[in-house]
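> Here's a structure for you.
Here, each number is a calculation from the coordinates, and none is a lab measurement. If you're wondering where the values come from, they're calculated on a predicted model, not measured in any experiment. Note that each Cβ is placed from the backbone with ideal geometry, even for glycine, and that neighbours are counted across all protein chains shown.
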Amino acid sequence: MAADQDHAGGCLCGAVRYVARGPLRDVVFCHCSQCRRQTGLYFAATAVDKTGFTLTAEAGLKWYAASDFALRGFCGSCGSVLFWKAHEVPHIAILAGSLEDPSQLKAASHICTEGRPSFYALCDGLPQYPHAAPGLPIA
């Protein structure tokens, strides 16, 4: 995707809106227990450099400190899960489904597959990693 391209998105009710400027990372699917509990299954996220991320409406935005190193962003009005950001990482993860047009995204890999429930299989041929190992993109 073009470096200067804008990607708009937001929550279901419109209380949280954003623009991500620049290339978006391919989608990483996280199957850890936190992502499963927050989304209901797994976390499918793209990402953009934090310097290219702008909130254009944030009335409903809530941040939850899910760990000592990362925050999870969601809409407090409609409950839409939207973001994951680590304090020491230069990007912000954005749930792919929150983009107005996610059609240009490509799937990259599955991480934390050790936490995947047994009621579904991963049969898409993408690389699978049991943990979020150093050097692998995380949510």
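> Excluding residue 87 itself, what net charge comes from residues whose Cβ is under 14 Å from its Cβ, given Lys and Arg +1 and Asp and Glu -1?
Residues close to residue 87 contribute a combined charge of +1.
> Next question. Sort 100-107, 119-126 for me by packing, meaning the mean count of neighbouring Cβ atoms within 10 Å per residue, highest on top.
Result, highest mean first: 100-107, 119-126.
> Enumerate the amide H contacts of residue 47 below 5 Å, restricted to partners 5 or more residues apart or on another chain; note that Pro and chain-start residues carry no placed amide H.
Excluding prolines and chain starts, which carry no amide H, the hits are 25, 94.
> Percent relative contact order of region 6-115, based on C-alpha pairs within less than 8 angstrom and at least six residues apart?
34
> Please report how far the C-alpha centroid of region 73-101 lies from that of region 44-60, rounded to the nearest whole angstrom.
Result: 7 Å between the Cα centres.
> Can you give the translational diffusion coefficient of region 6-115 in µm²/s, computed by Stokes-Einstein from the Kirkwood radius over Cα pairs at 20 °C and 1.002 mPa s?
Rounded, D is 154 µm²/s.
> Report, please, the projected area of region 62-139 averaged over directions, based on the convex hull of its C-alpha atoms, in nm².
With every direction weighted equally, the projected area is 6.8 nm².
> Which residue, chosen from 102, 9, 82, occupies the Cα position most advanced towards the positive end of the dipole of region 1-130, where the dipole is computed from +1 (Lys, Arg) and -1 (Asp, Glu) charges on Cβ about the Cα centre?
The listed residue farthest towards the positive side: 82.
> What are the lysines whose alpha-carbon lies under 17 Å from the alpha-carbon of residue 85, with same-chain residues fewer than 8 places away excluded?
Correct list for residue 85: 50, 62.
> Explain nothing, just the number: dipole magnitude of the chain about its Cα centre with +1 on each Lys and Arg Cβ and -1 on each Asp and Glu Cβ, in debye rounded to the nearest 20.
With Lys and Arg at +1 and Asp and Glu at -1, about 320 debye.
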